[in-house]
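What follows is one structure encoded as structure tokens, with my remarks underneath.
The values are calculated or read from the model by the stated rules, or taken from the named source; none is laboratory data. Everything numeric here is computed off the predicted structure, so don't read it as measured data. Every residue, glycine as well, gets a Cβ built from its backbone with ideal geometry; the counts of neighbours run over all protein chains shown. Note: accessible area is taken over every heavy atom of the protein model, side chains too, but ligands, DNA and RNA are not part of it. Shrake-Rupley method; radii C 1.70, N 1.55, O 1.52, S 1.80 Å.
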Amino acid sequence: MNAYFKTENLSVGYNKKVLIRDINISLEKGKILTLIGPNGSGKSTILKSISRQIPLIGGRVCIDGRDISRWDLKTMAKTVSVMLTDRIRTDMMTCFDVVSMGRYPYTNVVGRLTDEDKEIVVSSLESVGMTSHANQDFNTLSDGQKQRILLARAICQEPEVIILDEPTAYLDVKHKIELLDTLSEMARAKNVTVIMSLHEIDLAAKISDYLLCVKGDTIQAFGTPEEILRENTIENLYNMEKGSYNLNFGSVELAKPEGEPKVFVVGGAGRGIPYYRALQKEQIPFAAGIIFENDIDFQVASKLSDHVISAPAFEPVTEELFNTASDQLLKCRVVIDAGGSGGTFNHYNRKLLELAEQNNIPISRREKENSL
């Protein structure tokens, strides 16, 4: 790999006290790296260190083969744009004024903007959908709008590397997607290297070329999302004792209800998912089956119950597995027919419903039932 951005045995911290050591990162130009990890793990400290906001304790940071500690401030500002969580002082400044600060590395001694500079400011405002707020006092904006203006300022700097600390903070879903789409476009079209931290693991996995897992006094893992995001990676990274993270859905599931199942859900084809989550919300332990392992239902049911009767994908259900499901069903007080029992391979689920009827076990076929 031809490394454009590189850290070598980096140690970061405060007041000469090392918080995280042995940080080794190699990125090609135009790639996106996202730092993930729990609050207080040191993600912001790493970002501030590689952007020279705080001094390094050890090691070095290189961009295009050059040690950035030897750069003057103007070279640094032209190459690296920074958007951190620290609030800037903007008394009596319009949004246009704030964004235009990104052009100062390119202006003359008096800091006067040229017509070209002003065009770049306008273009940067357009890229974050804030043109109509150009003349508005920055301090009157919402937190989400301020975040977008600060991104416009970073874009306005026309950097080769952009470093962002939690850029999606304060943004609603629409603007999170738009902001990340803007960063992705910068990486693809302008070959800008993006380094940021995110709390949204699902978005990090979707946008990033590389992930850096920060935990403890060293780096837990560095690699592509496909290499990093495996079973239990997120649970281990965040020390999750309750609940789980679903890698396929990119979603968090809350803790499983404890105890022996009281309800048996006959699901499949995603139709059981609302019931699994409703039962979890009420802390009612349940069993589910028979579900094929490639069924979307299996992804959620297996996270919310220890009593999921599943069959290998594309294989017929065996009599032995049916008997296991039957034994479990007969121990439950209620059966829910989620409507996923159609299809040739699902005839065993129809037999389970017949078994419930034969044994006078109430069957719920509505979305909400008092028997739950």
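Consider Gln157 carefully, then state whether it is in contact (Cβ under 8 Å) with a residue 24 or more places away in the chain and either more than 21 Å from Thr193 (Cα to Cα) or open to solvent by 10 Å² or more (accessible area, probe 1.4 Å) (or both).
Answer is yes for this residue.
Which residues, taken from the stretch 252-270, are under 21 Å from Leu229 (Cβ atoms) and in contact with a helix residue (DSSP H, G or I) (Cβ under 7 Å, 6 or more places away or on another chain)?
Glu253, Leu254
Listed here are the residues, each with its yes/no results for (1) among the polar types (S, T, N, Q); (2) open to solvent by 10 Å² or more (accessible area, probe 1.4 Å); (3) modelled with pLDDT of 95 or more; (4) outside any strand (DSSP E or B).
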site	(1), (2), (3), (4)
Ala3	no, yes, no, yes
Leu10	no, no, yes, no
Asp22	no, yes, no, no
Lys29	no, yes, yes, yes
Leu35	no, no, yes, no
Pro38	no, yes, no, yes
Ile46	no, no, yes, yes
Ser49	yes, no, yes, yes
Val61	no, no, yes, no
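Failed condition for Thr168, given (1) assigned to a loop (DSSP other than H, G, I, E, B); (2) farther than 30 Å from Cys62 by Cβ; (3) of a type outside the set (Phe, Trp, Tyr), with all others met?
(2)
Among the listed residues Lys17, Lys78, Lys74, Lys118, which satisfies the condition of being under 20 Å from Val214 (Cβ atoms) and of a type in the set (Lys, Arg)?
One residue alone meets the criteria, Lys17.
Has the stretch 71-86 got any residue that is modelled with pLDDT under 95, outside any loop (DSSP other than H, G, I, E, B), in contact with a helix residue (DSSP H, G or I) (Cβ under 8 Å, 6 or more places away or on another chain) and of a type in the set (Lys, Arg)?
Yes, that holds for at least one residue.
For Pro274, only one of the following conditions fails: (1) open to solvent by 30 Å² or more (accessible area, probe 1.4 Å); (2) in contact (Cβ under 8 Å) with a residue 60 or more places away in the chain; (3) in contact with a Pro (Cβ under 8 Å, 6 or more places away or on another chain). What is its number?
(3)
Inside the stretch 124-148, can you point out the residues that are in contact (Cβ under 8 Å) with a residue 24 or more places away in the chain, within 30 Å of Glu28 (Cβ to Cβ) and either open to solvent by 60 Å² or more (accessible area, probe 1.4 Å) or of a type in the set (Val, Ile, Thr) (or both)?
Val128
With the condition being open to solvent by less than 20 Å² (accessible area, probe 1.4 Å), at negative phi and touching a Ser or Thr at 6+ places or on another chain (Cβ under 8 Å), I'd like the helices (runs of 4 or more DSSP H) fully within the stretch 171-265 carrying at least 2 qualifying residues.
173-190
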